[in-house]
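I have placed the structure first, in the form of structure tokens, so that the comments after it can refer back to it.
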Amino acid sequence: MKNFHILFVGYSNHIFLDITNHVKNQCGYRTSFIVRSKKEINRLISKDIPIESIYCLNDEKVNEFSHQDLKNLQILEKENVSTTHNMILGEPLLKNLPYNKALNYASYLHKKFDSYYNKIKPDVIIGSHDGIHSALGCAIARSKKIPWYALTFCPLPSGYVALREGLVPDKLVTLRNQNAKDLDESVEKILSEFESNQIKPPLYVSSHNLNLLSKRLPNHIKQGILAFKKSYFGGLDYFSDFRFQYLLKQYFRKRKNLITFPKKLFLKNIPDKPYIFFGLHMQPESTIDVYASFFSNQISIIES
């Protein structure tokens, strides 16, 4: 199994790299990465990933790419595979571009994924969550009969992992068979430990107070300067990069929302009677609005 080759598509954050390095060191598997930008390449290199194991999707002048390959895009559309149209609708930048340009980029990505998969010849692909890069990468893997999985994006306690074989959360993979009684006991134990603060699932927390904001402000400024340079001095990839004006507007919108948050309406303590927790998803979001559009009205789901 030492020649077993795992290809990771769309992952470059340090938490994920710590996991992959552990698996690689323990099992000796070969690993390669497909990322979107030079920034992600540098992040991988800083984590001692060799450059020959990294492949970049946006390594050409994609803003000038003008070829459409509608035939090959159409061939990908099979059961349990999103249509190219839905992939575009699920991408926050592409859906606002002229439709021909969006199709140009989808055709470009198809060419790059197809070329890299043929070159790398992975035994399995671990893809990222949503967006056209994930959806198209999954579709091409399916067409080549390469197993494709993604880590679930639901918060899990440390030491637990969940994988799915599709773009939506209901395609979970069974890693270990348990009878119903043992499974119920395991779930009750985890929930009990969570409610009593004995375990805390690792997850990203937004800058919702002055302490977090002050810690992250230097990085926010750094990223803002990079976006400003790209937007006004060249280098902006309008298929993947948000413009500086949009990012600035979003930044102040979120700060305003935090200040005006209706905290009085929220419970501060866990109820002492049976309850159902329904975590509201931020919208617009491709998983809800595109892949599960019949359930996009979350308030209506709760009321019914």
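The values are calculated or read from the model by the stated rules, or taken from the named source; none is laboratory data. Bear in mind that the values here come from a model prediction, so they are computed numbers and not experimental data. In this analysis, Cβ positions are derived from the backbone assuming ideal geometry, glycine residues included, and neighbour counts consider all displayed protein chains.
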(1) in a loop (DSSP other than H, G, I, E, B); (2) more than 24 Å from G131 (Cα to Cα); (3) touching a helix residue (DSSP H, G or I) at 6+ places or on another chain (Cβ under 8 Å) all hold for D237 apart from (2)
Would you be able to say whether some residue in segment 233-246 is of a type in the set (G, A, S), closer than 30 Å to A162 by Cβ and over 25 Å from the mean Cα position of the chain (by Cα)?
-> no
Answer yes or no as to whether P92 is exposed (fewer than 15 other Cβ atoms within 10 Å of the Cβ) and under 18 Å from S134 (Cβ atoms).
-> yes
Restricting attention to segment 179-202, report how many residues are assigned to a loop (DSSP other than H, G, I, E, B) and surrounded by 12 or more Cβ atoms within 10 Å (Cβ to Cβ).
-> 2
Filter result (closer than 24 Å to V205 by Cβ, touching a Leu at 6+ places or on another chain (Cβ under 9 Å) and not charged (D, E, K, R)) within segment 219-257 = H220, Q223, G224, A227, F242
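Let's see how each residue does on (1) among the small types (G, A, S); (2) on the phi > 0 side of the Ramachandran plot; (3) surrounded by fewer than 20 Cβ atoms within 10 Å (Cβ to Cβ):
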position	(1), (2), (3)
V35	no, no, no
N58	no, no, no
L73	no, no, no
Y105	no, no, no
L109	no, no, no
K112	no, no, no
N118	no, no, yes
D123	no, no, yes
S128	yes, no, no
In this structure, does K254 turn out to be farther than 26 Å from H133 by Cα, within 23 Å of the chain's Cα centre (by Cα) and in a helix (DSSP H, G or I)?
-> yes
Condition check for V81: modelled with pLDDT under 85, aliphatic (A, V, I, L, M), closer than 15 Å to G137 by Cα and out of contact with any strand residue (DSSP E or B) (no Cβ under 8 Å at 6 or more places or on another chain) | yes
Being among the β-branched types (V, I, T) and touching a residue at least 24 places away in the same chain (Cβ under 8 Å) is the filter; apply it to segment 253-287 and report the residue that is farthest from Q298 (Cα to Cα).
-> I270
